[in-house]
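The values are calculated or read from the model by the stated rules, or taken from the named source; none is laboratory data. Since the model is a prediction, treat every value here as computed from it, not as a measurement. A quick note on method: Cβ atoms are made from the backbone with ideal geometry, for glycine too, and the neighbour counts reach across all protein chains shown.
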Amino acid sequence: MTLVSTEWLNSKLSKVKIFDASWHMPNSNRNGHKEYLEKHIPEAMFWNLDEHSDKDSPFPHMLPNSDYWTRMLWSFGIENDDHIVVYDFSDVHSACRLFFSLKYFGHQKVSVLDGGMKKWLKENRPTSNEINKDIGKFSYIDKINTKNKYKVSENFDWIKKKRQIDDNIKNNLFTLIDGRSRERFEGKVEEPRPNLKKGCIPGSKNIPFQNCIDAGTNTFKKKSELMKIFKENDVDYSKPNVFMCGSGVTACVLGLAYFLITDKNAVIYDGSFAEWGKK
């Protein structure tokens with residue numbers, strides 16, 4: 001199940017592993033971890049996007065290496081056959097980034113809570129402020145079952161690098177679809193991160209990620225509606241499509257919508273405009 005409902009999760013709280021992947025844009029004046037500490041879905045563990053990205057990269061939110069990912073999931077007590085449900089309390093739907101990351105590293109049973117924390121709270125479902133302070137710390141590995149040797153299997157072809165993007169500008173090997181706002185894509189406003197050019201990558205298309213989400217319910221739109229959005233933007237499912245945004249987060253919203261339509265795994269330009277648009 002790619003998407004699970006709030007009703008379904010409420011009946012499975014003790015049978016799945018749950019991650020709160022809330023992340024907010026730097027200019028939002030919100031703190032995902034602080035909000036998690038105040039209240040979260042019972043049994044949920046907090047996954048910090050900034051913390052669990054490649055710290056050696058000059059660009060934000062790049063995927064870490066497989067060794068780090070293995071140790072990170074191990075520190076959360078995750079096993080390969082666990083069913084993981086991810087959600088967020090974010091306007092940027094950051095749970096989709098964790099969904100993509102888990103699938104990229106080969107985890108099979110991963111679902112996104114459709115509607116996220118907003119829908120959960122709107123329906124007055126249970127919350128908690130209880131946490132295990134050791135969970136998610138690498139020092140915790142020594143305290144848990146050392147037989148849990150989590151194994152990753154990277155899907156390297158799900159990621160594009162800058163050289164491939166530059167080559168595509170010349171040779172049109174795939175369609176690049178940008179999930180940023182129309183104003184950012186058209187260069188009418190400055191990027192929220194410093195030292196970036198305005199505008200877009202030549203030849204790319206624009207589908208703002210918010211277009212895939214029902215504003216009233218915070219859930220993904222129906223498959224027929226998603227298909228209409230992609231059709232209006234001349235997306236050809238028979239050809240390779242690659243998704244990007246500002247830093248590879250909301251690109252994964254488009255990627256998940258694409259999967260819901262086609263059953264094809266998304267390909268993401270991981271560096272996105274934070275890398276390509278650098279002055």
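This table checks each residue for (1) more than 14 Å from Cys252 (Cα to Cα); (2) at pLDDT 95 or above; (3) assigned by TED's automatic domain parsing to the domain that holds Ser14.
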site	(1), (2), (3)
Leu102	no, yes, yes
Val112	no, yes, yes
Gly116	yes, yes, yes
Asp134	yes, no, yes
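Based on what the data block shows, is Lys198 farther than 22 Å from Asp88 by Cα, outside the structural domain of His61 (by TED's automatic domain parsing) and either in a loop (DSSP other than H, G, I, E, B) or of a type in the set (S, T, N, Q) (or both)?
The answer is yes for Lys198.
Quick one: which of Asp81, Asp91 is without any contact (Cβ under 8 Å) to a residue 40 or more places away in the chain and not in a helix (DSSP H, G or I)? I'd like the intermediate steps shown before the answer.
Working: Asp91 fails: without any contact (Cβ under 8 Å) to a residue 40 or more places away in the chain.
Result: Asp81 is the single residue among Asp81, Asp91 that is without any contact (Cβ under 8 Å) to a residue 40 or more places away in the chain and not in a helix (DSSP H, G or I).
Please verify whether the stretch 66-76 includes one or more residues that are modelled with pLDDT under 95 and on the phi > 0 side of the Ramachandran plot.
no
Enumerate the pairs (first residue in the stretch 202-216 and assigned to a strand (DSSP E or B); second residue anywhere and modelled with pLDDT of 95 or more) with beta-carbon separation below 6 Å, excluding pairs fewer than 6 apart on the same chain, so at least 6 apart or on different chains.
What qualifies is Lys205/Ile177; Lys205/Asn233; Asn206/Asp178; Asn206/Phe185.
Pick out the one residue from Asp50, Asp56 that is over 17 Å from Val110 (Cα atoms) and without any contact (Cβ under 8 Å) to a residue 12 or more places away in the chain.
Numbers: Asp50 fails: without any contact (Cβ under 8 Å) to a residue 12 or more places away in the chain.
Of Asp50, Asp56, the one residue that is over 17 Å from Val110 (Cα atoms) and without any contact (Cβ under 8 Å) to a residue 12 or more places away in the chain is Asp56.
Among the residues in the stretch 247-260, are any touching a residue at least 60 places away in the same chain (Cβ under 8 Å), surrounded by fewer than 21 Cβ atoms within 10 Å (Cβ to Cβ) and outside the structural domain of Ser57 (by TED's automatic domain parsing)?
Yes, the stretch 247-260 contains at least one residue that is touching a residue at least 60 places away in the same chain (Cβ under 8 Å), surrounded by fewer than 21 Cβ atoms within 10 Å (Cβ to Cβ) and outside the structural domain of Ser57 (by TED's automatic domain parsing).
Give me the pairs, please: first residue somewhere in the stretch 176-191 and at positive phi, second residue anywhere and part of a loop (DSSP other than H, G, I, E, B), beta-carbon distance under 6 Å, and either six or more positions apart or on two chains.
Pairs found: Gly187/Lys198; Gly187/Gly199.
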